Structures are given as structure tokens and as C-alpha cells.
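Just below is one structure, and these are the notes that go with it.
We did not get these values from a lab; they are worked out from the coordinates using the rules stated. It should be emphasised that the depicted structure is a prediction, and the values quoted were computed from it without experimental measurement. Virtual Cβ from ideal backbone geometry, glycine too; neighbours counted across all protein chains shown.
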Amino acid sequence: MTDAALPTPATNLRQTVEARLKKRHAQEMRFRLYGRMAIIVALAFLAVLLGRIVTQGYSTFIDYQIAVPVHLDASKIDKADPTGANYDLMVANSVLAKLGETDDEFGNKSGKVMEIMSNDLGFQLLKMVREDPSLIGKTITVSGPVKSDAALYFKGQIQRATPEDERKLDNQQLDWMDKLKASGAVTSGFNTGFLTRSDSTEPEQAGVLGAIVGSMMMLLVTATLAIPIGVLAATYLEEFAPKNRWTDLIEVNINNLAAVPSIVYGLLGLAVFINWMAVPRSSPLVGGLVLALMSLPTVIIATRSALKAVPPSIREAALGVGASRTQTVFHHVLPLAMPGVMTGAILSLAHALGETAPLLMIGMVSFVPGVPEGFTGAATVLPVQVFIWENASERGFHERTAAAIIVLLVFMIIMNLAAILVRRRFERRW
Amino acid sequence: MPSQRDDAMAHDTTAPVHIAVDRQHAALPAAPVKIRARDVNVFYGEKQALFDVSLDVPENSVTALIGPSGCGKSTFLRSINRMNDTIPGCKVTGRIELDGEDVNDRSIDPVVLRARVGMVFQKPNPFPKTIFENVAYGPRIHGIASGKTELEGIVESSLKRAGLWAEVADRLHQPGTGLSGGQQQRLVIARAIAVSPEVILMDEPCSALDPIATARIEELIDELRNQYCIVIVTHSMAQAARVSQKTAFFHLGKLVEAGPTGEIFTNPRDSRTQDYITGRFG
């Protein structure tokens with residue numbers, strides 16, 4: 001028998017293991033605890049971030065509209081040149097009439113009313129009269145938003161409790177607004193204007209439509225350039241190019257380019273596209289070009305890893321029945337890699353959608369009060385709109401900054417969901 | 001001595017029984033040579049995988065390549081239809097003739113060569129497409145079928161010859177990857193014969209299959225041998241004995257011995273062959 005030669009009898013072994021067992025369990029419990037804590041911290045940050053944005057921004061989606069009948073006094077409007085008349089004053093006087101007040105000789109009261117009514121109402125009147133001069137002399141009802149400070153009062157962000165000289169609106173203006181609200185002249189509703197208007201100097205008239213359209217046009221340019229070029233480059237490198245020092249060098253450089261700070265692409269775009277190629281600055285075209293450059297490395301890397309994930313047996317199968325290399329790649333390998341390619345492409349576009357820094361370099365940080373006129377017209381995009389509004393001094397823009405972030409996040413979520421759906425839908429197993 | 005045999009080789013203790021059965025194939029008429037290999041050397045980068053291999057593969061018969069792992073039998077197989085071209089750093093020297101034509105000649109397009117020399121791989125590798133599309137792919141890219149009905153005819157006859165038609169006739173438009181392993185391997189054989197090749201190369205076609213599926217494939221190989229020249233790489237000596245008429249034994253990149261299967265298994269000339277088939281190494 002050789003049992004005596006064994007170093008540890010069974011009872012000893014058990015004791016040894018049990019002695020350490022407690023320690024091992026404790027270690028495992030500790031690790032799980034750390035993991036949970038990490039997740040809780042991450043979720044807490046996310047909740048704070050989203051919570052802050054939503055609480056700041058949701059009020060933008062409620063707006064207060066006023067409807068007033070305005071008499072278009074024929075004596076005050078020149079039929080030949082209706083532009084010269086003071087429509088804001090007419091609106092203000094109509095509001096005063098509704099409040100049962102009359103303007104004093106210095107126009108103090110009408111001035112105060114103009115501080116709480118958006119000049120959008122006056123613009124509407126001018127537009128109507130210009131289109132149809134026969135309206136002059138009649139009374140028409142016009143409706144539009146109240147000034148953003150007034151809206152902030154309705155939303156509770158300007159409070160009566162604040163001393164009068166510390167707030168923008170005095171007691172009389174607050175009284176008037178309460179009265180107008182009580183009479184039903186001011187109504188609240190969903191702020192469609194925020195989604196159907198573009199940037200404006202007046203917060204109550206500012207919307208994100210121009211920025212949304214600008215973003216979409218820019219992404220269209222980015223996608224049509226970055227996806228085909230990136231996919232073809234990756235396919236060539238992965239499936240056709242010889243593996244040698246040159247392709248290694250190219251691969252290293254592509255990986256490095258993916259890590260280059262985005263603002264550098266902005267400087268490159270400024271130098272190459274604007275200064276050298278004379279592409280109009282601030283346009284969706286130049287923005288799309290710059291972001292396409294920025295997205296290319298990501299698309300190439302995603303495509304290459306998707307191609308790598310296609311099992312070599314598929315390539316052998318196709319080559320084995322006599323398919324050429326191009327047929328093998330385009331009939332079998334690339335279609336199988338497509339879910340991965342599309343996921344990578346959509347995620348890199350989502351990244352491009354949120355990019356701000358390079359666009360500041362190419363002059364997209366400008367006030368654009370309308371939707372862009374084509375790919376070479378001046379445009380702004382959502383993240384830059386957020387940047388512009390954040391820097392604005394009017395208080396009304398603060399809530400709009402948060403609301404624009406919400407819109408941006410909604411687009412991001414939609415794109416990420418699309419990426420997930422594409423992956424789920426086309427994922428194949430073999 | 002059977003008791004000294006490696007465990008892994010235990011199933012091959014039955015080999016001699018089959019050799020007895022296979023004697024009938026031993027007396028082969030001198031079939032015309034389909035593939036003639038002369039002094040073939042294959043290098044993977046610096047490493048040489050094949051040394052001066054010269055082998056004749058006869059028409060309308062099954063030639064088995066046997067030998068321990070890494071002996072170069074798959075390398076030799078893959079150089080017949082130039083699948084080695086796809087491996088970076090692989091270099092082939094010497095002459096491999098198909099009907100007297102050098103397959104490595106500049107005038108030979110590998111696409112044409114691979115249409116003439118079909119291949120079946122170790123792991124069943126159907127395309128993740130329908131059964132129909134799998135079989136129709138080859139004829140379609142080579143433009144063999146002139147119309148839809150002709151293509152359907154080719155698919156049907158290929159599946160019939162691969163012995164799979166009865167099992168899949170009612171689900172031709174379901175994914176080929178949904179079949180069982182043995183069915184997938186027969187589908188792959190159908191895909192290979194759909195382009196009417198002259199030669200079919202099989203690289204351990206049964207190593208991923210269970211014994212019943214293996215038996216089915218072996219039957220199929222036996223049927224196909226009347227129309228095609230078949231070269232099969234196998235690790236199972238019993239299989240080589242069962243399906244082949246000619247056997248070539250490779251060892252460390254060299255062709256040790258080749259001859260009629262019956263002779264190789266009953267009366268090997270080289271002691272290494274003797275040791276391998278009796279399971280002393282491998």
C-alpha cells in the first residue's frame with residue numbers, strides 16, 4: 001500500500017478547505033457588493049441627469065396663448081404701405097380694452113402690455129393685412145403666445161412673493177395677467193410652436209424645427225458618405241488586401257484616427273473644406289463632410305469586426321463551389337456581416353448627431369432663424385442649438401435649453417433602438 | 001499487440017474485418033489517371049508542410065488519404081483545387097495535373113478549377129440560406145442553368161444523388177442550417193455536385209457526424225464513385241478500408257506509401273504504414 005506516502009489525509013484536507021471557505025465566500029460577497037454599488041452609483045448619476053433635464057425642460061412644452069379681437073383702424077394704417085403702422089400698439093390697446101383700461105397719454109400702460117404680449121401677434125396682423133388689404137377697417141381676432149416672462153409667471157417661475165423691484169414684471173402686469181387668465185383670454189396648451197418654429201431672439205417664439213431639419217440634412221450627408229466609403233474600405237482591407245506592413249500601418253492609423261478629439265476634425269474641415277475647397281461655411285454640407293470624416297474610422301472598425309465574426313467556413317464553402325472572391329464577399333460574407341455593419345453605422349451616426357465641438361469650428365454656431373435653405377444654406381443643428389440657447393441671457397431660454405436636450409435625447413434613443421432592432425431582426429446563427 | 005494500442009484507436013480494432021470485405025476491390029482494373037501529382041512541395045511561410053509528394057489518383061474511384069494529424073494530407077487535398085491560395089504565405093511548388101493540365105498554370109483560373117473540382121469540408125458548412133438556394137448557388141454563379149425550371153431540375157437531381165431529396169423535398173425553402181449534421185453534410189455534397197464537377201475532394205467529411213450519419217455518407221460516397229473521381233481525407237482507417245479503392249499513407253509531410261486499399265491494409269511494404277494501421281502510433 002502506498003497510502004502512507006500521501007502527504008494529506010482526507011480529514012486534514014477537509015479542514016484545510018473549510019478553513020479557507022469562509023474567506024472565499026466573504027470575498028465573493030464583497031465583490032458582488034462592489035458590483036451592485038457601482039451600478040447604483042451609475043444609475044443615480046443617470047437619474048439625476050435625466051431628472052434635472054426633464055424638470056427644467058418639461059415646462060417648455062406648455063405654452064400660454066392669448067386671443068384678442070383687434071380693430072384694424074383705417075386711420076392708422078396706410079393702405080399703400082401697411083408696414084409703417086404700429087401693430088404692437090394696436091394689440092396692446094385691444095388687450096387694455098379687454099382689461100377695461102385705457103392707455104394714458106404717455107403710453108405707459110400700452111408699453112407695459114407690450115412687455116407681456118409677444119410681438120408675434122403684431123407680426124401676424126401685419127402679415128394678414130399685407131396679404132389681404134381689405135381687412136383694414138375690420139375687427140379680427142388674432143392669437144399668439146404671451147411673452148416668455150409672462151409665461152414664466154403662469155408656470156410659477158416668477159412669483160408674486162418676490163419683491164416687485166427684483167422681478168421683471170410689476171404688480172400691475174401680474175394683476176392684468178391674472179385677470180386675462182380668469183377671463184379666458186389666455187389659455188394654456190401643448191406648445192406645438194416649439195416643434196414647428198425655428199430659432200428666434202424672443203424665447204417664446206423660439207423652436208427647434210430649424211435645428212432638427214439641419215441635423216437631419218447633416219446626418220444625411222454624413223451617412224451617404226461615411227457608410228459606403230467606410231464599408232468598402234473595411235471590406236477591402238479585411239477581405240482583399242494582402243496582410244503586410246502597409247496594411248498593418250493603415251490599420252494602426254485607422255484605430256488612432258478613431259481616438260482623435262473631434263475638434264481636430266473641425267479644424268481640418270475648416271482648413272480643407274471651407275478655406276481650400278470653398279464649401280459654404282455653416283452649411284449642412286460642410287457639417288456632414290466633417291462628421292463623415294469623424295465617423296469613418298468608427299464605421300471601418302465596426303465593419304471589420306463584423307466581417308471578422310463571419311466564420312471562415314462560409315468563405316471556404318463559397319470558394320469551394322467556384323465563387324470568385326468578389327462573389328464570396330458580396331453574396332455571402334458581407335450580407336452576413338450586415339447586422340453588425342448597420343449597428344456600427346447607426347451608433348456612429350448617433351454619435352455624430354450629438355457632436356458639437358467640430359461644428360463650432362466650421363461656423364455652425366450662428367443664429368439661423370429658419371429651416372436651412374438646402375445643403376449649402378446656413379443651418380444650425382440640435383446640439384449647437386443647445387449650446388447657443390445655454391449662452392443666451394433671457395430666462396425663457398433656460399427651459400428651452402433643457403427642452404432641446406430632451407428632443408436631442410429622444411432622437412438618440414430612437415437611433416439606438418433602431419440599432420438594437422436591426423441587430424435583433426437580422427441576426428443569424430450558424 | 002492489441003493490448004498496446006492507444007485508447008483513441010480502440011474503435012479501429014475492427015479494421016481487419018473490413019479489410020477482408022474490401023478484398024474484392026483490390027483487384028482493380030487499371031483505371032485512367034485523373035489527377036497526377038509530381039514532386040509537390042507546400043510551404044506555409046518558412047514551414048514546409050509537404051515534401052516531394054507524387055501520387056496518381058485514378059478516375060471513377062475513391063482514393064483515401066490517411067495518416068496521423070498534421071501529416072499533410074489535408075494540405076495535399078487543398079492544393080488540388082488551390083484552396084491553399086486563400087492562405088496568406090502559402091506556396092506550392094511541383095506539378096499537379098488534372099487531365100494532364102497543370103492546375104497551378106497561369107492560364108487556369110481558380111474559379112474554373114474549383115467548378116471542376118468540388119470540395120466537402122470537415123464541418124458541414126451550408127450557407128445560412130434556404131436548402132434550394134444552397135444547391136442552386138453554384139449553378140447560378142456559373143450560369144449552368146438557362147432558366148428557372150432547369151435550375152429546379154438541377155437542384156432536384158443533385159439532392160437526389162446526394163440521397164437527401166426524400167427528406168427535404170417538402171421544405172426546400174427552409175434554411176439549410178436547420179437540418180441535422182448528417183443532412184447538412186449531404187446538402188453540402190449536393191451543393192458540390194450541382195455544378196457537375198469531375199472531382200470531389202472530401203476533407204474528413206464524417207468527423208463531425210454520428211455513426212449512423214457516417215454510414216449514410218459512406219454509402220453515398222460508394223454510389224458517387226461511379227460518376228466522379230473522389231479523394232477523401234480520413235482519420236478512420238476503418239472508413240478508408242470501407243470506402244476506398246486506393247489508399248495513400250502520409251507521414252510527417254511525406255507520402256510513405258500508396259496502393260490499392262486491400263494491399264495497403266493487408267500487406268503494407270513500409271514498416272511505418274504497418275505501425276500506423278495496426279495502431280502503434282497515430
Task: Number of partner chain Cβ atoms within 10 Å, mean per residue of B:122-128 - done: 6
Task: Listed residues A:Ala318, A:Ala258, A:Ala42, most fluctuating in chain A (Gaussian network, C-alpha, under 10 Å) - done: A:Ala42
Open item on the list: What's the whole-number percent of alpha carbon pairs in chain B lying beyond 29 angstrom?
Closed with: 33 percent
Task: Net charge, B:Arg269 excluded, C-beta distance under 12 Å - Lys, Arg +1, Asp, Glu -1 - done: -2
Open item on the list: How tilted is helix A:284-308 with respect to the longest principal axis of chain A? Cα atoms for both, answer in degrees (0 to 90, nearest 10).
Closed with: 20 degrees
Task: Calculated from backbone phi, Karplus (6.51, -1.76, 1.60) coupling profile of the range A:321-327 in Hz, x at Gly/Pro - done: 8, x, 6, 6, 5, 4, 5
Open item on the list: Report the Cα-based extents of chain A along its three principal axes, largest first, to the nearest Å.
Closed with: 121, 64, 37
TODO: May I have the pair-distance distribution P(r) for the range A:209-426, computed from all Cα-Cα distances with 5 Å bins from 0 and rounded to whole percent?
DONE: 1, 7, 13, 16, 16, 14, 11, 8, 5, 4, 2, 1, 0, 0, 0
Open item on the list: Out of the trypsin sites (Lys or Arg not before Pro) in the range B:24-122, which ones are loop residues according to DSSP with at most 10 other C-beta atoms within 10 Å?
Closed with: B:Arg106
Task: 0 to 90° range, to nearest 10: angle between helix B:15-26 axis and chain B longest Cα axis - done: 70 degrees
Task: Under 5 Å, built H, 5+ apart or other chain: amide partners of A:Asp199 - done: A:Gly207, A:Gly210, A:Ala211, A:Gly370
Task: Amide H contacts of B:Met202 (H built 1.01 Å from N, under 5 Å, at least 5 apart or other chain) - done: B:Val120, B:Val231, B:Ile232, B:Val233
- [ ] Enumerate the amide H contacts of B:Cys90 below 5 Å, restricted to partners 5 or more residues apart or on another chain; note that Pro and chain-start residues carry no placed amide H.
- [x] B:Gly45
Task: Value of [θ]222 nm, deg cm²/dmol, for chain B, DSSP H segments ≥ 4, -39500 (n - 2.57) each, nearest 500 - done: -10500 deg cm²/dmol
- [ ] Please list, or write none, the lysines whose alpha carbon is within less than 23 Å of the alpha carbon of A:Lys179, excluding same-chain residues fewer than 8 places away.
- [x] A:Lys98, A:Lys109, A:Lys112, A:Lys147, A:Lys155, A:Lys168
Task: Mean-position separation - Cα centroids, the range A:8-70 and the range B:53-129, in angstrom - done: 58 Å
Open item on the list: Loop by DSSP (not H, G, I, E, B), at most 15 other beta-carbon atoms within 10 Å: where is the longest site-free stretch of chain B for GluC sites (Glu not before Pro)?
Closed with: B:60-282
Task: Gaussian network model of chain B, Cα within-10 Å springs - most flexible of B:Ala192, B:Ala213, B:Ala241 - done: B:Ala213
- [ ] Note the direction-averaged projected area, equal to a quarter of the hull surface, for the Cα convex hull of the range A:298-419, in nm².
- [x] 10.0 nm²
Open item on the list: Less than 14 Å apart at the alpha-carbon level, and either on another chain or at least 8 residues along: which aspartates and glutamates does that give for B:Lys34?
Closed with: B:Asp56, B:Glu59, B:Glu97, B:Asp99, B:Glu101, B:Asp102, B:Glu198
- [ ] Let me know the Kirkwood hydrodynamic radius for the range A:110-208, please, with Cα pairs as the basis and the value in Å to one decimal.
- [x] 15.0 Å
- [ ] With 10 Å bins from zero, work out the P(r) of the range B:184-282 over every alpha carbon pair and list the percent per bin.
- [x] 14, 46, 30, 10, 0
Open item on the list: I need the phi-derived Karplus couplings for the range B:153-163: 6.51 cos²θ - 1.76 cosθ + 1.60, θ = phi - 60°, integer Hz, Gly and Pro marked x.
Closed with: x, 4, 4, 5, 5, 5, 5, 5, 5, 7, x
Open item on the list: Quick check: the distance between the Cα centres of the range A:134-189 and the range A:287-304, to the nearest angstrom?
Closed with: 49 Å
Open item on the list: Rounded to whole Å, give me the distance from the Cα center of the range B:217-282 to that of the range A:71-114.
Closed with: 107 Å
Open item on the list: To make sure I understand the rule: partners must be lysines, Cα under 28 Å from the Cα of B:Lys47, and not fewer than 8 residues away in the same chain. Which ones qualify?
Closed with: A:Lys243, A:Lys308, B:Lys73, B:Lys91, B:Lys123, B:Lys254
Open item on the list: Could you derive backbone 3J(HN,Hα) for the range A:128-142 from the dihedral phi with the Karplus parameters 6.51, -1.76 and 1.60 (θ = phi - 60°), listing whole Hz in sequence and x where the residue is Gly or Pro?
Closed with: 5, 5, 5, 6, 9, x, 5, 5, 4, x, 9, 10, 10, 8, 10
Open item on the list: Just to confirm the filter: which trypsin sites (Lys or Arg not before Pro) across the range B:208-277 are DSSP coil and have at most 14 other Cβ within 10 angstrom of their Cβ?
Closed with: B:Arg269
TODO: Could you check what % of the DSSP bridge pairs in the protein assembly as shown are antiparallel, to the nearest 5?
DONE: 70 percent
- [ ] In nm, give the distance between the simple-model label positions of B:Gln227 and A:Thr326, each being 7 Å from the Cα along the Cα-to-Cβ direction.
- [x] 3.2 nm
Open item on the list: Contact order normalised by length for chain A, with contacts defined as Cα pairs under 8 Å and 6 or more residues apart; what percent is it?
Closed with: 18 percent
Open item on the list: If neighbour count is taken as other Cβ atoms inside 10 Å, put A:Ile140, A:Ile40, A:Ile227 in order from fewest to most.
Closed with: A:Ile40, A:Ile140, A:Ile227
- [ ] Just subtract the alpha-carbon distance of A:Ser75 and A:Lys138 from 0.36 nm times their residue separation and send over the number in nm, one decimal.
- [x] 21.5 nm
Task: Loop trypsin sites (Lys or Arg not before Pro), the range A:237-334, which have at most 12 other Cβ atoms in a 10 Å radius of their Cβ (DSSP) - done: A:Lys243
Task: On Cα atoms only, tilt of A:396-426 relative to the major axis of chain A in degrees - done: 40 degrees
